[in-house]
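Worksheet for the structure shown next.
Quick note: the coordinates plus some simple rules give every number you see, no bench work behind them. Treat the numbers as computed from the prediction; the structure is a model and nothing was measured. Quick reminder, even Gly has a Cβ in these numbers, built from the backbone with ideal geometry, and neighbours come from all protein chains shown.
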Amino acid sequence: MTAGRPSPAESPNGGGRPEADGAPRRQFVKFSFFKLDPAWRRLPVEEREQGKQELCGAVETFGGRMLIGSYSLVGIRGDADLLLWQVAEALEPFHELGTALFSTAMGSYFTTPYSYLAITRRSMYKTPDLREPSESRLSVSPGTAKYLFVYPFVKTRPWYELSKDQRQEMMTEHITVGRKYPSVKLNTTYSYGIDDQEFVVSFETDNPTDFLDLVMELRESKASAYTLRDTPAFTCLAMPLAQALDSLGAPGAAKTLPDVVLSPAASDDSWTNVAELSDVPEGGSMVVHAGGEQVALFNIGGTLYAIGNRCSHANGPLADGKVEGTKVTCPYHASQFDLKSGEVLEAPAQQAMPTYETRVEDGKIYIAKQPVVAAGS
């Protein structure tokens, strides 16, 4: 029995439908770890380059349907080389992406030693001082942190025999410790009945030492005694997919590809069709996907604006925010952003949002796959 990693708040409910009170739709989350057959490295360089281009192109085609983050484990862990962190509003895209990936030449050399499926939901526990709304648990999004730590998580049966008040007291202690490490962002997702574990937890940070110190401190918490399993644990390095594949063989091949999180195959097509103009009437907004990222699309006085949908502060959905002129206010903590530039106008957000060029042709809305302003710039 292991204990001591940050313990998520559990609930037996699953599903992906909108909440009854109108809260944002819950998301399906998939962590797919891949291992490459060493025989791939013995292929001619040209063949490997072509194979990587093909695989990048296959994954890129799903950028308009889901969020996808790519991570390398090369040199970090021996039984997995690559992670694709996927977020969608249905299960089918995961199946279709897997089919497309394994149908490529390079995909035929991959196995999947680990695969975890989960769903977002509200926590059943109260957050001290209510600093974070429960709706923020319903949405996750691969961020800009350099490192990602992932592991499945299972509680002991005695945990569920405790009263709600007893569990709340222990979780309050857990949350209090976690807040001592603001550089570490926690994402809790739930797997009850849909996979082997109860949760999949992931942590994003630029400071691995902070994560280690957090885990060590939490080993002394009361809730850690109720951890049944929290392994295997994965340390992942965030990088563009082409670069992650480049680390698997034929270094330098990926340099010809665009430097984005999901580099597409060589193509002159840098735009993606996301909606019909009639879908976004004046004063309206909607969430679309471009280049593997979730984008909020606004129609203000007949002018279209596109900005990253997940607030850089706590993942609040900007598409649901209040718009005044060309300013949007996050519905979670009232951070404000300029829709034209993505710049922060009001705290607590500190990091700018990516914005995207838009165009309309034959009644169809197109968004550039690469942002005009990168988050954090």
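Distances between placed amide hydrogens fall under 5 Å for Lys364 paired with Leu277, all partners being 5 or more residues away or on another chain. Neighbour counting of Cβ atoms within 10 Å sorts the residues Asp165, Asp206, fewest neighbours leading, into Asp165, Asp206. Can you tally the net charge around Val184? Count Lys and Arg as +1, Asp and Glu as -1, for every other residue whose Cβ sits under 11 Å from the Cβ of Val184. Counting the neighbours of Val184, the net charge comes to -1. Cβ crowding within 10 Å ranks Val328, Val360, Val280 as Val360, Val280, Val328, fewest other Cβ atoms first. Ranked for footprinting exposure by Cβ neighbours inside 10 Å, fewest first, Phe203, Phe337, Phe102, Phe110 give Phe102, Phe110, Phe203, Phe337. Taken about its Cα centre, the range 271-368 carries a charge dipole of roughly 180 debye when the Cβ of each Lys and Arg holds +1 and the Cβ of each Asp and Glu holds -1. Placing a pseudo-label 7 Å from each Cα along the Cα-to-Cβ vector at Tyr160 and Asp79 gives an inter-label distance of 2.6 nm.
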